[in-house]
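Read-outs: derived from the displayed coordinates by stated rules, not from any lab. Quick caveat: nothing in here was measured; it's all calculated off a predicted structure. Methodologically, a virtual Cβ is constructed for each residue, glycine included, from the backbone with ideal geometry; neighbour enumeration extends over all protein chains shown.
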Amino acid sequence: MKHRGRIQAQGEHLESSESWSQEEPPTKEDGLQMLENLGLP
């Protein structure tokens, strides 16, 4: 079974997201890395 989802950030001049699909659920570290990849200020 695949685990999938999307981490996103939205604001007045911001709309960015990163999706994931993998066999295991993402770890806390995975989630933090995805947030970093969004390029938030």
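Roughly how tilted is helix 28-37, in degrees to the nearest 10 and between 0 and 90, from the longest Cα axis of the chain?
Approximately 40 degrees, to the nearest ten.
Test of understanding: what is the full-extension gain from Gln10 to Gln33, defined as 0.36 nm times their sequence separation minus their Cα-Cα distance?
That pair, Gln10 and Gln33, stretches by 6.5 nm at full extension.
Which one, Gly39, Gln22, Gln8, is farthest towards the positive end of the dipole of the chain when Lys and Arg carry +1 and Asp and Glu -1 on their Cβ?
Result: Gln22, furthest along the dipole toward the positive end.
Exposed loop sites here are GluC sites (Glu not before Pro) in DSSP loop states with at most 11 other C-beta atoms within 10 Å. What is the longest stretch of the chain lacking them?
After excluding every exposed loop site, the longest remaining stretch is 24-41.
Out of the chain, which trypsin sites (Lys or Arg not before Pro) are coil in DSSP terms and have no more than 11 other C-beta atoms within 10 Å?
Filter output for the chain: Lys2.
Multiply the residue gap between Gln22 and Lys2 by 0.36 nm, knock off their C-alpha separation, and tell me the result in nm, one decimal place.
6.7 nm
Along each of its three principal axes, how wide is the spread of alpha-carbon positions in the chain, in whole angstrom units, largest first?
Largest to smallest, the principal-axis extents are 36, 17, 10 Å.
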